[in-house]
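Structure provided below as structure tokens; questions to follow.
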Amino acid sequence: MELIEAFVVVMYDRTTTTFDINESSLELFARKQRQYDTIPSTRAALLEHIKRATYQGGHVWGQAVIH
């Protein structure tokens with residue numbers, strides 16, 4: 001989870017010094033005055049996105065082996 005979180009943070013801001021997604025969101029929104037839709041989601045939202053993508057990927061691959 002930490003690696004995925006750091007990857008997402010770097011995607012939004014390459015110059016960041018923090019890799020915590022919640023801190024990064026606060027920094028981008030409050031300190032750098034970025035628009036709300038251009039900041040990363042919270043850690044909880046990222047976790048739900050990961051769960052959804054994992055489930056969908058597992059379902060697709062699971063269906064691929066069924067005749």
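We did not get these values from a lab; they are worked out from the coordinates using the rules stated. Here the structure is a predicted model, which is why all the values come from computation and not from measurement. Backbone-built Cβ (ideal geometry, glycine too); neighbour counts: all protein chains shown.
Of the residues that sit in the stretch 18-62 and are of a type in the set (K, R) and within 14 Å of the chain's Cα centre (by Cα), which one is surrounded by the most Cβ atoms within 10 Å (Cβ to Cβ)?
So, considering only residues that are of a type in the set (K, R) and within 14 Å of the chain's Cα centre (by Cα), the one surrounded by the most Cβ atoms within 10 Å (Cβ to Cβ) is R43.
When residues of the stretch 3-17 are filtered for being within 10 Å of the chain's Cα centre (by Cα), of a type in the set (D, E, K, R) and either surrounded by fewer than 16 Cβ atoms within 10 Å (Cβ to Cβ) or more than 12 Å from I50 (Cα to Cα) (or both), how many remain?
0
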